[in-house]
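Notes for the one structure printed next.
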Amino acid sequence: MVDSDNDIAEIANQILSNEKELKGSPRSKIVEAISVLLLARPLRASEIAVNLGFETKYVSSYLSYWRRKGLVYQEGGKWHLTTSGEMFAKEVITNYNNSRFKEMVVFAKQILTNEEVNPTMNNKNAQKTDKTEKEVLSFIEDKTSMKNKKQQNRSLMDCLNELTSKLNEEENELIKFLLDKYKQWGSTYLYMDQIQEELKADSGWLFRVLKGLQTKRLVYLYQDPKLGLRIGFTQSFKKKIEEC
């Protein structure tokens, strides 16, 4: 979770750490970094440029482009995020935090695998300890595996019944479809045309049901300039899913 302007600025710079020569399409890491900064507070183009290490006119060109795409707007000389822009920036931070967590998991595992045996121990004791550790780890792994299998076999709809019981029949049908896709592919979002094609649904009906789920804070709707309307689980709903 990001709690301060400094944390957000740090993430913005981390996003750009491997992208110092940014040229070409405005759909590069710089727009992610800009959106993250603007999530902290409205800023002038010059302030964004100073924080990210670019020329003001270079940043302004990105802002102008994404204003036409509905991501930002300018008021009183400062740039602000639209509702779509806020959702985009929050998704960037979520993806960044997930990526950092995965890196730390790999690092933690390396710490365990690279642990050296105390040289003062004789070979016999070392072998005995190693065998004991393997047995303990094997036991933990078996228990963890059994737990994971039980969790996987649980119905998400049953686990989320407290929330889904408040939905009407149509909303339940759509949420069940989205959860099935999540279990199948691990993706927490789909696009409108994908859902419509698979469900053979009328666009008017589908949009009406989606708006109902959005009102109940279970899904968000984001208009991707290139790929169309994206439908994904909200952060609070994803947390409930992970708890299951």
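The values are calculated or read from the model by the stated rules, or taken from the named source; none is laboratory data. Computed from a predicted model, the values in this text were never measured in an experiment. Here the Cβ positions follow ideal geometry from the backbone for every residue, glycine too, while neighbour counts run over all protein chains shown. Protein only, heavy atoms only, side chains kept; ligands, DNA and RNA dropped before computing areas. Shrake-Rupley method; radii C 1.70, N 1.55, O 1.52, S 1.80 Å.
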* **Filtered residues of the range 186-227 (kept if on the phi > 0 side of the Ramachandran plot and modelled with pLDDT under 85)** => G186, K200
* Taking the range 37-69 as the search range and keeping residues that are loosely packed, with under 14 Cβ neighbours inside 10 Å and assigned to a loop (DSSP other than H, G, I, E, B), which one is nearest to the chain's Cα centre (by Cα)? -> R41
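Just give me the residues in the range 209-227 being among the β-branched types (V, I, T) and within 20 Å of L199 (Cα to Cα), in sequence order. I'd like the intermediate steps shown before the answer.
Keep residues of the range 209-227 that are among the β-branched types (V, I, T), which gives 209, 215, 219.
Answer for the range 209-227, where residues must be among the β-branched types (V, I, T) and within 20 Å of L199 (Cα to Cα): V209, V219.
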* To do: Can you tell me which residue within the range 78-119, out of those that are within 24 Å of F233 (Cα to Cα) and open to solvent by 100 Å² or more (accessible area, probe 1.4 Å), is modelled with the highest pLDDT?
  => T83
* Asked: Pairs under 7 Å by beta carbon, first residue outside the structural domain of T234 (by the TED database) and on the phi > 0 side of the Ramachandran plot in the range 157-185, partner assigned to a helix (DSSP H, G or I) and open to solvent by less than 60 Å² (accessible area, probe 1.4 Å), six or more apart or different chains?
  -> none
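Can you find a residue in the range 76-99 that is acidic (D, E) and within 27 Å of Y220 (Cβ to Cβ)? Outline the logic, then answer.
Initial filter on the range 76-99 (acidic (D, E)): 86, 91.
Then keep just the ones that are within 27 Å of Y220 (Cβ to Cβ); that gives 86, 91.
Checked against the condition, which is being acidic (D, E) and within 27 Å of Y220 (Cβ to Cβ), the range 76-99 yields at least one hit.
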